[in-house]
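Asks: Take this structure first; my questions come after.
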Amino acid sequence: MNQPKDPILKNLKIRPMNESDVNRITLLETRIFPDPWPKSAFLEELGKDYRGVIIADIDGAISGYASYIISYGEAHLTNIAVAPKYRGKSIAKNLLNAILDIAKKADCEYVFLDVRPTNTAAISIYQKSGFAELYRRPNYYHNPVEDAIVMVKSLDQEDA
Ligand SMILES: CC(C)(COP(=O)(O)OP(=O)(O)OC[C@H]1O[C@@H](n2cnc3c(N)ncnc32)[C@H](O)[C@@H]1OP(=O)(O)O)[C@@H](O)C(=O)NCCC(=O)NCCS
């Protein structure tokens, strides 16, 4: 049986990142990841058709964000994170679904992502969303050094 939805989700709006979000996202990114994207990387994502960052906005607070690149009929989830106090409320699930919608609208056949093998929370979400392991890139991550699991989801079986 499905878990009841967290009431906070009533106020959740998934929207594109704008320039005024960048400082707050960079701060969150630095708190969450040992190898964070710099501010310049987020600025680089603004105003592009084929790549971008989406925000999980709850009453003006940034609860999470995710980024993507669309290239040659493939979509890549390049980043996803939820602020610690908002975790376990399906925010990542909503962000991931929004990225899948963007990929479908761009007529992508596949969505790819990389994840650390030790990141069991993220792997669990991806598997529940239908992603499967494709192969591993040895020593791909730094700080700490770790392989990357490359996962893929086919959008073929999905409803348009
Ligand atoms: C991974 C992360 C994005 C999950 O965000 P979240 O908003 O808490 O996830 P959700 O609440 O949407 O969970 C979605 C599903 O994954 C499961 N899940 C979430 N966290 C989990 C955990 N720690 N262990 C096992 N399963 C977990 C949930 O049970 C849920 O499944 P359900 O829909 O069947 O209930 C968040 O923990 C995070 O920001 N981590 C640090 C950054 C990171 O690792 N990003 C991924 C890089 S590849």
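The values are calculated or read from the model by the stated rules, or taken from the named source; none is laboratory data. Just so it is clear, the structure is predicted and the values come from calculations on it, not from any experiment. Positions of Cβ are generated from backbone atoms using ideal geometry, with glycine treated the same way; all protein chains shown enter the neighbour counts. These area figures cover heavy atoms from the full protein model, side chains too; ligands, DNA and RNA do not enter into them. Shrake-Rupley method; radii C 1.70, N 1.55, O 1.52, S 1.80 Å.
Asks: List pairs: first residue in region 5-30 and closer than 17 Å to K93 by Cβ and among the β-branched types (V, I, T), second residue modelled with pLDDT of 95 or more and in a loop (DSSP other than H, G, I, E, B) anywhere in the structure, Cβ distance under 8 angstrom, at least six positions apart or on different chains.
Replies: Pairs found: I8/K89.
Asks: Still on this structure, I have one more. Evaluate region 62-75: report whether one residue or more is among the acidic types (D, E), within 20 Å of S129 (Cβ to Cβ) and either at pLDDT below 95 or open to solvent by 20 Å² or more (accessible area, probe 1.4 Å) (or both).
Replies: Yes, some residue in region 62-75 is among the acidic types (D, E), within 20 Å of S129 (Cβ to Cβ) and either at pLDDT below 95 or open to solvent by 20 Å² or more (accessible area, probe 1.4 Å) (or both).
Asks: Go through (1) at pLDDT 95 or above; (2) not in a strand (DSSP E or B) one by one and return the number of the condition P138 breaks.
Replies: All conditions pass for P138, except number (2).
Asks: Also: I want to confirm something. Restricting to region 116-145 and keeping residues that are in contact with an Asp or Glu (Cβ under 7 Å, 6 or more places away or on another chain) and of a type in the set (D, E, K, R), which single residue is least open to solvent (accessible area, probe 1.4 Å)?
Replies: The selected residue is R116.
Asks: Moving on to the next point. What are the residues in region 109-121 that are in contact with a helix residue (DSSP H, G or I) (Cβ under 9 Å, 6 or more places away or on another chain), within 16 Å of the ligand (Cβ to nearest atom), not hydrophobic (A, V, I, L, M, F, W, C) and not in a loop (DSSP other than H, G, I, E, B), if any?
Replies: Across region 109-121, there are no qualifying residues.
Asks: Could you grab me the full set of residues in region 10-55 that are in contact with a Lys or Arg (Cβ under 8 Å, 6 or more places away or on another chain) and open to solvent by less than 30 Å² (accessible area, probe 1.4 Å)? Quick ask: steps written out before the conclusion?
Replies: Start the filter on region 10-55 by keeping residues that are in contact with a Lys or Arg (Cβ under 8 Å, 6 or more places away or on another chain), which leaves 22-23, 26, 45, 54-55.
Those that are in contact with a Lys or Arg (Cβ under 8 Å, 6 or more places away or on another chain) and open to solvent by less than 30 Å² (accessible area, probe 1.4 Å): V22, T26, E45, I54, I55.
Asks: Moving on. So, of the residues in region 76-85 that are open to solvent by 30 Å² or more (accessible area, probe 1.4 Å) and more than 22 Å from A148 (Cβ to Cβ), which turns out to be nearest to the ligand (Cβ to nearest atom)? Steps first, answer last, please.
Replies: In the first step, residues of region 76-85 are kept if they are open to solvent by 30 Å² or more (accessible area, probe 1.4 Å); the result is 76, 78, 80, 84-85.
Narrowing further to those that are more than 22 Å from A148 (Cβ to Cβ): 84-85.
On the way: P84: 8, K85: 10 Å.
Within region 76-85, the match that is nearest to the ligand (Cβ to nearest atom) is P84.
One line per residue, one yes/no per condition, for (1) among the hydrophobic types (A, V, I, L, M, F, W, C); (2) modelled with pLDDT of 95 or more; (3) within 13 Å of the ligand (Cβ to nearest atom):
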{"residue": "S90", "(1), (2), (3)": "no, yes, yes"}
{"residue": "L95", "(1), (2), (3)": "yes, yes, yes"}
{"residue": "K104", "(1), (2), (3)": "no, yes, no"}
{"residue": "D107", "(1), (2), (3)": "no, yes, no"}
{"residue": "I123", "(1), (2), (3)": "yes, yes, yes"}
{"residue": "Q127", "(1), (2), (3)": "no, yes, yes"}
{"residue": "H142", "(1), (2), (3)": "no, no, no"}
{"residue": "D159", "(1), (2), (3)": "no, no, no"}
